[in-house]
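None of the figures in this text is laboratory data; all of them are computed from the coordinates on show. Everything numeric in this text was worked out from a predicted model, so none of it was measured. All Cβ positions, even for glycine, are placed from backbone atoms using ideal geometry, and neighbour counts span all protein chains on display.
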Amino acid sequence: MKLLIMGLALLALLGCSEKDLRQTLEIINASSQEAPLTQAEVIAALKDSLSKGISRGALEASAQDGYFANPRLKIQFPPEVERVEKALRKIGLGKDVDRFVRQLNRSAEQAATKAKPIFIKAITSMTIGDAFEILNGEADAATQYLMRTTGNELRKQFQPIVSDKLGETSATRYYGDIVNTYNQLPLVKKVDPDLEAYATDKAIAGLFLLIAREEANIRANPRARTTQLLRRVFGSLD
């Protein structure tokens, strides 16, 4: 902008007419503007950014303690049976409760290793209209799009994986032992929540949380735009 002002001032001093100045300004503006973004560029950039976010998120979640050591992802006792946890800790079974929570998170971490292909496949359903709405949307618009359009299908495909991993890590057995112990206590209201559905929903929510973080980073941080296409498309929002 400083160069533009200096150039116009120089032209004025040289005695150029108002018409000449206007024409020069139009030429400078035209030359300084990039070509409008194409539909192909927007879709490619969004798919690239989502793929990167999914890859990083799945890798982080599936690592040892990916859920368990992350306060934002850690899966706690199901809310509807928190009274079970409190009651068992009071009678000296805190170690059993802690073991269950740890194994519950281990199940999510192991299941996350299978999640990436499911999320990547979901990206292909994005339309041109969706792409431009996402580009101009909120910081997590792409993540919300994936949650809205693929959540049910992801859950259907993800739950068998979580169920299998819960069995492998013995979390289901630990949970059954804990609940059965609680149900034998006098004067308590018996509980029998669906552990698999709860763990599935929490595992998927954790992955989406990581994907949203990566999406927001690419939108807000120019250094996170590692390709020319990402810089061009997301730079248009700066």
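Show me the ranking of peptides 132-139, 86-93, 180-187 by mean Cβ neighbours inside 10 Å, starting with the highest.
Per-residue mean Cβ counts within 10 Å order the peptides as 132-139, 86-93, 180-187.
Would you mind getting me the FRET efficiency between LYS90 and SER125? Use the beta-carbon distance for r and R0 = 45 Å, nearest 0.05.
Taking R0 as 45 Å, the efficiency between LYS90 and SER125 is 0.35.
How far apart, in nm, are two points set 7 Å out from the Cα along the Cα-to-Cβ line at ALA69 and at LYS189?
Distance between label points: 3.9 nm.
Project the alpha carbons of the chain onto their principal axes and report the range along each, largest first, in whole Å.
The Cα atoms of the chain stretch 99, 33, 29 Å along the principal axes, largest first.
At most 13 other Cβ atoms within 10 Å and a DSSP loop assignment: could you name the trypsin sites (Lys or Arg not before Pro) in segment 121-230 that fit? Display every interim value, and only then the final one.
Values: sites: LYS121, ARG148, ARG155, LYS156, LYS165, ARG173, LYS189, LYS190, LYS202, ARG213, ARG219, ARG223, ARG225; in loops: LYS189, LYS190, ARG225.
Counting only loop positions with at most 13 other Cβ atoms within 10 Å, the trypsin sites (Lys or Arg not before Pro) in segment 121-230 are LYS189, LYS190.
Under 16 Å from the 7 Å Cα→Cβ point of LEU237, by amide nitrogen: which residues of segment 132-167?
So the set is 132-147.
What is the fewest-to-most order of THR200, THR172, THR149 by other Cβ atoms lying within 10 Å of their Cβ?
THR149, THR172, THR200
So what J values fall out for segment 128-144 if you push phi through Karplus, 6.51 cos²θ - 1.76 cosθ + 1.60 with θ = phi - 60°, rounded to Hz, Gly and Pro as x?
4, x, 4, 4, 6, 5, 5, 4, 9, x, 6, 5, 10, 4, 5, 5, 4
Work out, step by step, the length gained on full extension between ASP98 and ALA44: first 0.36 nm times the residue separation, then minus their alpha carbon distance; give nm to one decimal.
15.0 nm
Quick check: residue separation of THR149 and ALA220 times 0.36 nm, minus the Cα distance between them. What number comes out in nm? List each step's numbers first, then the result.
Numbers: separation 71, 0.36 × 71 = 25.56 nm, distance 2.45 nm.
Roughly 23.1 nm would be gained on extension.
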